[in-house]
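Take a look at the structure set out below.
The values are calculated or read from the model by the stated rules, or taken from the named source; none is laboratory data. These numbers come from a predicted model, not from an experiment. Reconstructed Cβ throughout: ideal geometry from the backbone, glycine too, with neighbour counts over all protein chains shown. Side chains included, ligands, DNA and RNA excluded: accessible areas come from the protein's heavy atoms. Shrake-Rupley method; radii C 1.70, N 1.55, O 1.52, S 1.80 Å.
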Amino acid sequence: MKYARMGSEMRTPLARARGLGSAKDGASHWWVQRLTAAALVVLGLWFVCLVLSLLHADYASARAALARPWNAVLMIAFTAAMFWHAQLGLQVVIEDYVHTRWREIALLVLVKFLAVLGALACALAVLRVALGS
């Protein structure tokens, strides 16, 4: 009976902390940043192809191209991934170089707020173009 509860007590402090980082979520932050970067590579290639195909197009054909469902969805995904990736990168910079705790927290909140606001504004703009309003 006494040996049943020894599982976590037998681990060293290093084994319990391994992979957690100083804020207990360093590995997931790293993975999300890499996944958004990979998504931005693919979506960035799509975006460049879209822009090149519309290089000499007029406003009506550019609007019609963005109104296609897949293009609208991919544009919203592109802007959302871009703002998410930027927020993650700025978070790392702020955590590393801002040493006053209240300034760090204020900047982190501001960056998150602006990233969400920017992503929502871009999604609204794409939806307005795609839905024709």
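Checked against the criterion of being touching a Ser or Thr at 6+ places or on another chain (Cβ under 8 Å) and not basic (Lys, Arg), the candidates LEU74, LEU88, LEU108, LEU114 yield just one match: LEU88.
Contact map, the range 72-86: residues that are in contact (Cβ under 8 Å) with a residue 40 or more places away in the chain and under 9 Å from LEU40 (Cα atoms) paired with residues that are open to solvent by 30 Å² or more (accessible area, probe 1.4 Å) and of a type in the set (S, T, N, Q), Cβ distance under 7 Å, separation 6+ or inter-chain. Pairs shown: HIS85/GLN33.
Write out, first by first residue and then by second, each pair whose Cβ atoms fall under 7 Å of each other, whose residues are 6+ apart or on separate chains, and whose first residue, in the range 44-69, is of a type in the set (Asp, Glu) while the second is surrounded by 13 or more Cβ atoms within 10 Å (Cβ to Cβ). Cβ pairs passing all conditions: none.
Every listed requirement among (1) surrounded by fewer than 16 Cβ atoms within 10 Å (Cβ to Cβ); (2) part of a helix (DSSP H, G or I); (3) not small (Gly, Ala, Ser) is met by VAL129 save one, (1). Inspection of the range 109-121 identifies no residue that is open to solvent by less than 80 Å² (accessible area, probe 1.4 Å) and not in a helix (DSSP H, G or I). Within the range 1-22, if we keep just the residues that are of a type in the set (Lys, Arg) and modelled with pLDDT under 70, the residue that is surrounded by the fewest Cβ atoms within 10 Å (Cβ to Cβ) turns out to be LYS2. Which residues, taken from the range 97-108, are surrounded by 11 or more Cβ atoms within 10 Å (Cβ to Cβ) and more than 20 Å from the chain's Cα centre (by Cα)? Hits for the range 97-108 are VAL98, ARG103. For the range 23-63, residues that are outside any loop (DSSP other than H, G, I, E, B), open to solvent by 50 Å² or more (accessible area, probe 1.4 Å) and of a type in the set (Gly, Ala, Ser) total 4.
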